1. Confirm whether ALA11 is closer than 23 Å to ASP76 by Cα and without any contact (Cβ under 8 Å) to a residue 12 or more places away in the chain.
2. Of all residues in the stretch 63-96, which are at pLDDT 90 or above and assigned to a strand (DSSP E or B)?
3. Answer yes or no: is there a residue in the stretch 16-25 that is in a helix (DSSP H, G or I) and either touching a Pro at 6+ places or on another chain (Cβ under 6 Å) or modelled with pLDDT of 85 or more (or both).
4. Can you tell me how many residues in the stretch 29-52 are surrounded by fewer than 16 Cβ atoms within 10 Å (Cβ to Cβ) and either on the phi < 0 side of the Ramachandran plot or at pLDDT 90 or above (or both)?
5. Among the residues of the stretch 65-76, is there at least one that is loosely packed, with under 14 Cβ neighbours inside 10 Å and more than 18 Å from the chain's Cα centre (by Cα)?
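The values are calculated or read from the model by the stated rules, or taken from the named source; none is laboratory data. Since the model is a prediction, treat every value here as computed from it, not as a measurement. Counting neighbours? That spans all protein chains shown, and the Cβs are built from the backbone with ideal geometry, glycine included.
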Amino acid sequence: MITEAVERYRARGWCMVPVHRPAPDAGTCSCGRADCAKPGKHPDARFWPDGSAAPEHFVGRNLGIKLGPVSGHLADVDLDCAEAVAAGPYLLPATRAAFGCSGRTTRTNSVRSSSPCPGPCGATPRSWRSRPWPCAAG
């Protein structure tokens, strides 16, 4: 399954990075460090920052995608509150893609562009994900 995703993303020209996974025990990380501050949430250092397109590097790992110019100006925007979710359809086109997150479905909109958007980031919005839960109070 992961190797098929690697092939699809490589065909899209995206820079992929093998990411450690949480071990099924008491929250340790596949990196093997007992003091790991982010179990399963950081790249495999052997492939950072250059990435890898070799499917065998992703076996037993999660798959991360580097954003920005290295992946065709791919950007990701999380819409984390009800107000942002409500504004999303007015700002980005509709999509047919959906992703799961913590047992909840998230919507993803995609925009294709060959050049970065103006502004300091230099990234072109290509997708956004929205969570169906409201903003936290505070």
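1. Working: closer than 23 Å to ASP76 by Cα: yes; without any contact (Cβ under 8 Å) to a residue 12 or more places away in the chain: yes.
It is true that ALA11 is closer than 23 Å to ASP76 by Cα and without any contact (Cβ under 8 Å) to a residue 12 or more places away in the chain.
2. Matches in the stretch 63-96: LEU63, GLY64, ILE65.
3. Of the residues in the stretch 16-25, the ones in a helix (DSSP H, G or I) are none.
Scanning the stretch 16-25 turns up no residue that is in a helix (DSSP H, G or I) and either touching a Pro at 6+ places or on another chain (Cβ under 6 Å) or modelled with pLDDT of 85 or more (or both).
4. We begin by selecting, within the stretch 29-52, every residue surrounded by fewer than 16 Cβ atoms within 10 Å (Cβ to Cβ); these are 32-35, 37-38, 41, 45-46, 48-50.
Among the residues that remain, those that are also either on the phi < 0 side of the Ramachandran plot or at pLDDT 90 or above (or both) are: 33-35, 37-38, 41, 45-46, 48-50.
Total meeting the criteria: 11.
5. There is no residue in the stretch 65-76 that is loosely packed, with under 14 Cβ neighbours inside 10 Å and more than 18 Å from the chain's Cα centre (by Cα).
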